[in-house]
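As structure tokens, the structure follows; a few thoughts come after it.
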Amino acid sequence: MNGTKQPSNIAFVIGASSVGTLIEWYDFYIFGMLATILSKQFFPADAGTAALLSTLAIFAAGFIVRPFGALVFGRLGDLIGRKHTFLLTLIIMGGSTFAIGLVPGFKTIGWLAPILVLILRLLQGLALGGEYGGAATYVAEHAPAGQRGFWTSWIQTTATLGLFLALGIIILIRTNQGVEQFSAEWGGWRYPFWISIILVGVSVLIRMKMSESPMFTKLKAEGKTSTNPLKESFGHKANFKMVLLALFGAVMGQGVVWYTGQFYAQSFIETVCKIDFIQSRNIMLIAILMATPCFVLFGWLSDKIGRKWIMLIGMLAAVLTYRPIYQEFINITSASNRTQIVDLRLTNTITAFPIIDAKDKTKLYIKQQSDTTYLDGSVFKYFKTDTMILIAPVDGTRPLTLINPEMIKYKSPKPNVVVEKTMGRSAYWDMIWLVFIQIVYVTMVYGPIAAFLVEMFPTKIRYTSMSLPYHIGNGVFGGLVPFLGTLIVEFTKSPAHPNGDVLAGLWYPIAIAAVCFVIGVIYLQNKIDKDVMD
């Protein structure tokens, strides 16, 4: 039956499945893309790093709950069918995403704001837990024999393209609005969440025209569908063994490589290297665009030589090169390492100016900006803020220029310095290539994974069996990369080393990928299952 499937039908299956899955990934990832702004909107203004960590924890919660979504929707998919199940997940995802854009900030409703966002984030995670397994299974069960890796690899592109779409929309809105308006409580950062409802509506209309998977239809007509997918998937020793092997021998490593290359990289470039908002996201966009065709390339190649070694080589490459790649990020962007000549004509210091705190009239900020421009086009901006406490509040009638040293009760011993860098053309492209290399690793481990998982499990419990290891590997092991990486770096900080070891966060994905590589080498088979109708 698979061998006679017409290309035009396959094209519709791929298109309809991919559009919905892309939109779900878009919905899921705009939260991560806007983590820095969300931390300021949904937590107290003076929370600092704790707010960012809390926001990343909420982001991670959406990943952690994905395995539960896999169980709930995987069971539904094996009982009632693939089509209706991932139609439901799409609606839940779209509604939750739209609602996040409606939640007032911390200034308006206090701690209710992060609580509501957490609940909606958990709904997102549950929905995504049911989406991927349904889409991958649906496409694989339509694909011609011998081309399963190629056709399912198109589904694999949707995660990266969803990230690409999220980045593109965010950059477009922020460029048009400017920093202040975009970051305001009801500013442009909410628009990507609201746009989601339009995208979901279009996708729902497309998916309603889809027919059920031919394999599931045949199974249902013969009365051979599973009556208890959870029990058959995890209660039978042989199948549960395959679930564990899929998780620890393939998906666990694939998950950390994916999130390191496409999330940790962006966070590192922005928060450690201090590259400005627009340029850091442009670096990601260009690298993603360049590398995305490799998903299909490695999916196609896996049909020729098998899935195992493509995935494992991608993991090994990540293990061996992550630290050198991220060290090179630091070398390229470090002011102390730069050999380029400073362009004195464009280098300037803006005179310091005082600002009274809007709420605490005794708190005075002295702000100063200095720019260093290099002949290669790089611009490093330094924003220094000294904080002073006055002995009496300023009522607004006294000119700030008349405040004398006797009025200052306290001055912070160390000014707060914010750095924002825009790299010149050569350094900019060096960084793009470093991200591109990481995303090629992503395409190696991720391109063949859907076909690999589909071929491991029987049709009647395939949705459930493949969804759980996939979402534990990606949702838990992979999804925790940004949070745990940031947390590990925090643990390395000390009074003597206030910045800590900025590369320490990489040890988590390196360790997970290394363990997965060893297990995969020993226990995985490279055999391609030609007949998945079993």
Open item on the list: Tell me yes or no: at least one residue of segment 137-150 is buried (at least 20 other Cβ atoms within 10 Å of the Cβ) and under 20 Å from the mean Cα position of the chain (by Cα).
Closed with: no
Open item on the list: Name the single residue that is modelled with the lowest pLDDT among those in segment 358-383 being surrounded by 15 or more Cβ atoms within 10 Å (Cβ to Cβ) and of a type in the set (Lys, Arg).
Closed with: 363
- [ ] Filter segment 265-295 for residues that are outside any loop (DSSP other than H, G, I, E, B) and among the β-branched types (Val, Ile, Thr) and give the result.
- [x] 269, 271, 275, 278, 283, 286, 288
Task: Subset tally (residues that are charged (D, E, K, R) and either at pLDDT 75 or above or closer than 22 Å to residue 92 by Cβ (or both)) for segment 46-75 - done: 2
- [ ] Given the conditions (1) of a type in the set (D, E, K, R); (2) in contact with a strand residue (DSSP E or B) (Cβ under 7 Å, 6 or more places away or on another chain); (3) surrounded by fewer than 16 Cβ atoms within 10 Å (Cβ to Cβ), report the number of the one that residue 338 does not fulfil.
- [x] (3)
Open item on the list: Would you confirm, using the coordinates I've provided, whether residue 85 is in a helix (DSSP H, G or I) and at pLDDT 85 or above?
Closed with: no
TODO: Assess whether residue 243 counts as being at pLDDT below 95, surrounded by 18 or more Cβ atoms within 10 Å (Cβ to Cβ) and among the β-branched types (Val, Ile, Thr).
DONE: yes
- [ ] Can you tell me which residue among 177, 156 is in contact with a Gly (Cβ under 8 Å, 6 or more places away or on another chain), assigned by TED's automatic domain parsing to the domain that holds residue 311 and surrounded by 24 or more Cβ atoms within 10 Å (Cβ to Cβ)?
- [x] 156
Task: residue 422, sole failed condition from (1) of a type outside the set (D, E, K, R); (2) in contact with a strand residue (DSSP E or B) (Cβ under 8 Å, 6 or more places away or on another chain); (3) under 23 Å from residue 161 (Cα atoms) - done: (3)
Task: Test result for residue 274, modelled with pLDDT of 85 or more, over 24 Å from residue 168 (Cα atoms) and assigned by TED's automatic domain parsing to the domain that holds residue 519 - done: no
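When residues of segment 365-379 are filtered for being of a type outside the set (D, E, K, R) and under 30 Å from residue 390 (Cα atoms), how many remain?
Matching residues across segment 365-379 total 5.
Yes or no, residue by residue, for (1) at pLDDT 95 or above; (2) farther than 15 Å from residue 287 by Cα; (3) not polar (S, T, N, Q):
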| residue | (1), (2), (3) |
| --- | --- |
| 423 | no, yes, yes |
| 431 | yes, no, yes |
| 435 | yes, no, yes |
| 438 | yes, no, no |
| 446 | no, yes, yes |
| 451 | no, yes, yes |
| 457 | no, yes, yes |
| 464 | no, yes, no |
Task: Qualifying residue in segment 109-116 (condition: assigned by TED's automatic domain parsing to the domain that holds residue 10, out of contact with any helix residue (DSSP H, G or I) (no Cβ under 6 Å at 6 or more places or on another chain), surrounded by fewer than 24 Cβ atoms within 10 Å (Cβ to Cβ) and part of a loop (DSSP other than H, G, I, E, B)) - done: yes
TODO: Select from segment 453-467 the residues that are among the aliphatic types (A, V, I, L, M) and more than 26 Å from the chain's Cα centre (by Cα) and list them in ascending order.
DONE: 456, 461
Open item on the list: With the structure loaded, tell me whether residue 477 is surrounded by 15 or more Cβ atoms within 10 Å (Cβ to Cβ) and under 27 Å from residue 271 (Cβ atoms) or whether it fails that test.
Closed with: yes
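The values are calculated or read from the model by the stated rules, or taken from the named source; none is laboratory data. None of these values were measured; they are calculated from a predicted model. FYI the Cβ positions are ideal-geometry reconstructions off the backbone, even for glycines, and counts take in every protein chain you see.
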